[in-house]
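One structure is given here, and the rest of the page talks about it.
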Amino acid sequence: MAHDHDHHEHDHDDEHEHEHELDEDARAEAEAEARRRFALSQIRQYGDPALRLKANEVEEFDDDLRRLVERMTTLMHEAQGVGLAATQVGILRRLFVFEADEDGPKAIVNPVVVERAEETASDSEGCLSLQGVKVPVERSVRVVLEGKDPDGNDVRYELDEYGSRVVQHELDHLDGVLIIDRTDDEHRREALAELRPRAVLR
Ligand SMILES: [Zn+2]
């Protein structure tokens, strides 16, 4: 899931900031943008068949799995996202990484929603695999997720509204479901108009 850039702010309250510092700010920003674009180039984009496939249960909790989780966590950070599913890097296994709060990144393997609030809310969502698209999606406001960590230990997450939204988005990826499937017809049409020319050009 993509980070909401609307909330991105710069803190420049020192009007006597030196030019040199501004140069460094600009360079750091350009470098972060280059890293973001490179990370996105390694994430499957809309039109890629892997995004429509159902992922399989993970059976082996080995070094390969842990390396995959590390790679996905780095990609999520560099792409400035808040969640990334294995299907988005072309790996059809049931796991995703997410970072929905200040507690740092988490990985969950073979995730299952064990409790779900009946109450739902609609909010705007983006996706690292659907660049330039933001659509309203209705989600349960609270879910409890159970699964394994990359070492095979049981984990359970009781998530707040934002965390619940992130994990429901990532869980959908493991079943080949995208935000355009979950939004209303009007937003779906707009999103497809945004995505189609790009899918053809690739
Ligand atoms: Zn996504």
Margin query: Order 71-84, 39-52, 146-159, 21-34 from most to least packed using the mean count of other Cβ atoms within 10 Å.
Written below: 71-84, 39-52, 146-159, 21-34
Next item on the list: Project the alpha carbons of region 50-104 onto their principal axes and report the range along each, largest first, in whole Å.
Entry: 30, 26, 16
Next item on the list: Percent of Cα-Cα pairs per 10 Å bin, from 0 to the last occupied bin, for region 40-159, please list those.
Entry: 13, 41, 39, 7
Checklist line | Whole-Å semi-axes of the ellipsoid equivalent to region 136-202 (Cα gyration tensor, √5λ, descending) | finding: 30, 16, 7
Check: For the Cα atoms of the chain, what angle does the longest principal axis make with the long axis of helix 19-41, in degrees from 0 to 90, nearest 10?
Finding: 30
Next item on the list: Evaluate the Debye formula for region 96-182 with equal point scatterers sitting on the alpha carbons, no solvent, and hand back log10 of I(q)/I(0) at q = 0.23 Å⁻¹, in q order, two decimals.
Entry: -1.24
Check: Just going by the charge dipole of the chain, with Lys and Arg at +1 and Asp and Glu at -1 on Cβ, which of 42, 135, 92 is farthest out on the positive end?
Finding: 92
Checklist line | Magnitude of the charge dipole, the chain, Cβ model with Lys/Arg +1 and Asp/Glu -1, debye to 20 | finding: 1740
Notebook entry, point to check: Average projected area of the Cα convex hull of the chain, in nm²?
Noted result: 13.3
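All of the numbers you see were taken from the coordinates with simple rules; none came from a lab. As the structure is a computational prediction, the values presented were derived from the model and not from experiment. Cβ atoms come from the backbone with ideal geometry, glycine included; neighbour counts cover every protein chain shown.
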